[in-house]
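Only one structure is covered here, and it is reproduced in the block below.
What follows draws every value from the coordinates through simple rules; no lab data is involved. Worth saying up front: this structure is predicted, and the values here are computed from it rather than measured. As a convention, Cβ positions derive from the backbone with ideal geometry for all residues, glycine included, and neighbour counts pool all protein chains shown.
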Amino acid sequence: MGKPSYLSDQVVRDSITPTKARELIRDALRGDFDPAMDPVRGNVAAGAGHFLLMPSTIGPWTGIKVLTVAPDNPSLGLERIQAFYQLFDSATLTCRAIIEANALTSLRTPATSAVAADVLAAPDASRLLIVGSGGQAIGHVRAMAEIRQLTDIALTARNRDKVAEVVAQLRAEGYPARVADSAAEAADCDIIVCATSAAEPVIADSDVKDGACVIAMGSHEPHYRELPGELMGRSLVIVEDVATALREAGDVIQAIAEGHLKQADLVPLRDLATGQVSRRTNAPNVFKGVGMSWQDLAVAIGVASAAGIDHT
């Protein structure tokens, strides 16, 4: 069979645009695959930290993303999280490609959010607020600009200097970005993206208008949240998979514990992508994502295809 191909982050970025990533995620949801079939994300102690293991199978392809999380790495000048993706054919489980996974993750998360936002945001949505200043904040600006004609992109975060740097980068790329005065600007925005590691809500329920689209994707831990329970309770709430959300999505788990939300209120992303559910104009529209294994695989398949790698 030969050795597996090695594909770098640069190869991933060169072969998969934000639009292509969104199409790959959307097409996976519209096919025979159901996110409820995805295995549970594994967490295994290792060395100075732990492994996160994210396997999935979509038709003829099977893959696993292996992430190492070493909390002390930043003090050593190293990345806290490092990741690689192994792509196999499903029929023989022969490894076809090893893919550097930082770019893969940076693409698939905003792409999944954009699949949801393309349905949940008003057709004429033009004002975007990003709460956060990391790589996912930048990725979500690029992804949201692919689905709507944005005339105003405001960013806010605790680190104002970092926000200013991100705004400068986005403006250099041609986006109408600026520094927001505060997260209260959500009141005037059509799309709000929360991309933080916050443990407490970063926007207020009263600042989100009916019909707005809210994306919360900053964490996959039960004790972290970016949205208040009151907002979750009055919104259409879309999740990647109900069981996964009940296990990992703090925004969902805490809103249910507080009595604002019920399990029966949660709508799977697949139902949204296949047209079974529509956005609401008389309430906010929330997508809470935690990141699932199938999303990495869907984009990895696209990377392999672009590189001429087949599963047979």
Next on the checklist: Roughly how far apart, in whole Å, are the Cα centres of the range 110-133 and the range 73-107?
Outcome noted: 27
Item to check | Two-decimal log10 I(q)/I(0) for the chain, as the Debye equation yields it once each C-alpha is a single scatterer, q = 0.12, 0.13, 0.15 Å⁻¹ | outcome: -0.78, -0.93, -1.24
Checklist outcome for this item: Surrounding charge for MET292, neighbours by C-beta under 9 angstrom, Lys/Arg +1, Asp/Glu -1, total -3
Item to check | Computed over the range 110-291: relative contact order in percent, which uses C-alpha pairs under 8 Å that are six or more apart | outcome: 24
Checklist entry - If you take the charge dipole of the range 64-190 about its Cα centre, with +1 on Lys and Arg Cβ and -1 on Asp and Glu Cβ, which of ASN159, SER90, ALA186 is farthest toward its positive end? => result SER90
Next on the checklist: Under the 0.36 nm per residue contour assumption, what length would be gained going from the current alpha-carbon distance of VAL40 and SER8 to full extension?
Outcome noted: 8.8 nm
Checklist entry - For the range 1-67 and the range 230-281, what is the separation of their C-alpha centers, rounded to whole Å? => result 24
Item to check | Calculated P(r) of the range 110-291 - Cα pairs past 23 Å, % | outcome: 33
Item to check | Cα shape, the range 232-277, gyration tensor, a/c 1.5 rule | outcome: oblate
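Is the range 1-40 best put as rounded, prolate or oblate by its Cα gyration tensor, with a ≥ b ≥ c the root eigenvalues, rounded for a/c under 1.5, and otherwise prolate when a/b is larger than b/c, oblate when not?
Because a/c hits 1.5 or more and a/b fails to exceed b/c, the range 1-40 counts as oblate.
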Item to check | Cα shape, the range 104-218, gyration tensor, a/c 1.5 rule | outcome: rounded
Checklist entry - Which of these, ALA21, ALA117, ALA184, has the largest mean-square fluctuation under a Gaussian network model of the chain (Cα springs below 10 Å)? => result ALA184
Checklist entry - For the chain, what is the relative contact order in percent, using Cα pairs closer than 8 Å and at least 6 residues apart in sequence? => result 21
Checklist entry - What are the lysines whose alpha-carbon lies under 24 Å from the alpha-carbon of LYS20, with same-chain residues fewer than 8 places away excluded? => result LYS65, LYS288
Checklist entry - Of LEU297, TYR175, ILE203, whose Cα points farthest to the positive end of the dipole of the chain (charges on the beta-carbon: +1 Lys, Arg; -1 Asp, Glu; origin at the Cα centre)? => result LEU297
Item to check | Those residues of the range 72-95 whose amide nitrogen sits under 15 Å from the label point placed on GLU173, 7 Å along Cα→Cβ | outcome: none
